[in-house]
Amino acid sequence: MTLDTAIDDYIFHLKTERNLASNTLQAYSVDLAQFAAFCTQKNAHHDVAAIDDALISAYMLDQRSANASDPNNPGEEPISSRSLSRKLSCLRGLFKFLRRQETIAVDPMVHIDTPRFGSRVPAVLSLDDVEALIAAPDRGTLEGMRDWAMLEVLYATGLRVSELVNLIEREVDLRAGYVRVIGKGSKQRIVPLGEIALDALEQYTEFARGQLLHNHGGPGSTPSLFVTRRGGAMTRQAFWKNIKRYAILAGITQEISPHKLRHSFATHLLERGADLRIVQTLLGHADISTTQIYTHVARARLKSMYDEHHPRA
């Protein structure tokens, strides 16, 4: 079997059997395409069974040094250990799948070590910055009212930006005060909405959503909750640009992204005594170790506040 065919079979397996999200499938496809291109250069793509640990090690070494040695991209940095680890994990999954299918007799990944790296502590916004960011949209405009509601919901729930823009109206129960979210791997979770976010959503759905869809059949023309004047759902890219614009208006100088509000949501909950398991459930993390990174942020911020305000610190 050729490597290209093996990769196609693996991606099909991830899509149909594992039911991975489209963004995850895209990331896997990109990483495996890079590996396939390297194997083609080495004339090693005709038989996937002939790929060994030496070739994989050579590929990883090539990936680590590629950006740094490229004179056409002097501003690029070498690929991080975290990125290398992700690429290795992708290859590990591919060859484990091929071994299970008995396409190969030996898994070449068994002698490949995963690089170690320290946990990266996520940056978060202060409560004042969150308040300033949410207050930045002009609620006197239809788009401003929509963006205000999106920011309120994002901070109130800690949703991923893809989950936010993919929300549909029937998944939000304004009376009960919760939203049903379809997360990674098509897993569902129920996330409560605070009173302020509920108020923002009520105002948006009553006064702005139908008007934004006025030229496209009105509020019933699409199930999407957050819409544009073009008649479709708000996109991740457009919302990202909007957040950056509002950050400038709010006077926020640090880098901003929708995911930073998710980080802030989790950290602010833990700072105020929320149980780690509850935060894990709200965020939709499959493994609590993913959520534990926020405890480091909360502890560091609490110590900073202590040092600043305690008279004997």
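Couple of notes before you dig in:
- A 1.4 Å probe, protein heavy atoms only, puts the accessible area of TYR294 near 10 Å².
- Percent of C-alpha pairs per 20 Å bin, the chain, short to long: 26, 49, 25, 1
- Take HIS46: with every protein chain present and a 1.4 Å probe, its accessible area is about 110 Å².
- Projecting the Cα atoms of THR5, GLN254, VAL172 onto the dipole axis of the chain, where Lys and Arg carry +1 and Asp and Glu carry -1 at the beta carbon, places VAL172 farthest toward the positive end.
- With each label modelled as a point 7 angstrom along the Cα→C-beta vector, the GLU202-ARG99 pair spans 5.8 nm.
- Per-residue ³J(HN,Hα) for the stretch 18-32, Karplus 6.51 cos²θ - 1.76 cosθ + 1.60, θ = phi - 60°, Hz, x for Gly and Pro: 8, 6, 6, 5, 4, 5, 5, 4, 4, 5, 4, 4, 5, 4, 6
- Cα-based Rg / Dmax (Å) for the stretch 1-47: 11.3, 33
- Full extension of the segment from HIS111 to ILE278, taken as 0.36 nm per residue of separation minus the current Cα-Cα distance, would add 56.3 nm.
- Remark: the stretch 207-266 is approximated by an ellipsoid whose semi-axes, taken from the C-alpha gyration tensor as √(5λ), come to 28, 12, 9 Å, largest first.
- Sites ASP52 and LYS184 - FRET efficiency at Förster radius 30 Å, r taken between beta-carbons, to 0.05: 0.35
- In the chain, helical runs assigned H by DSSP with n ≥ 4 each contribute -39500 (n - 2.57); averaged across all residues and rounded to the nearest 500, the mean residue ellipticity at 222 nm is -16500 deg cm²/dmol.
- Rounded if a/c under 1.5, otherwise prolate or oblate - the stretch 122-175, Cα gyration tensor axes: oblate
- Close amide H partners of VAL227, meaning residues 5 or more places away or on another chain with modelled amide H under 5 Å apart, are MET234.
- Positive-end residue of GLY231, ALA208, LEU193, charge dipole of the stretch 187-233 with Cβ unit charges: GLY231
- Normalised radius of gyration (Cα atoms, divided by 2.2 N^0.38 Å) for the stretch 151-191: 1.06.
- If you look at the Cα atoms of the stretch 157-241, you get an Rg and a Dmax of 12.8, 35 Å.
- Over the chain, Cα pairs under 8 Å with separation of 6+ residues give a relative contact order of 16 percent.
- Under 27 Å of direct C-alpha separation, and excluding same-chain neighbours fewer than eight residues apart, LYS42 reaches these lysines: LYS87, LYS96.
- Debye intensity ratio I(q)/I(0), log10, the stretch 88-240, q values 0.14, 0.15, 0.20 Å⁻¹ (C-alpha model): -0.75, -0.81, -1.25
The values are calculated or read from the model by the stated rules, or taken from the named source; none is laboratory data. Bear in mind the structure is a predicted one, so any value in this text is a computation, not a measurement. No Cβ is skipped: glycine too gets one built from the backbone with ideal geometry, and neighbour counts run over all protein chains shown. SASA here: full protein model, heavy atoms, side chains in, ligands and nucleic acids out. Shrake-Rupley method; radii C 1.70, N 1.55, O 1.52, S 1.80 Å.
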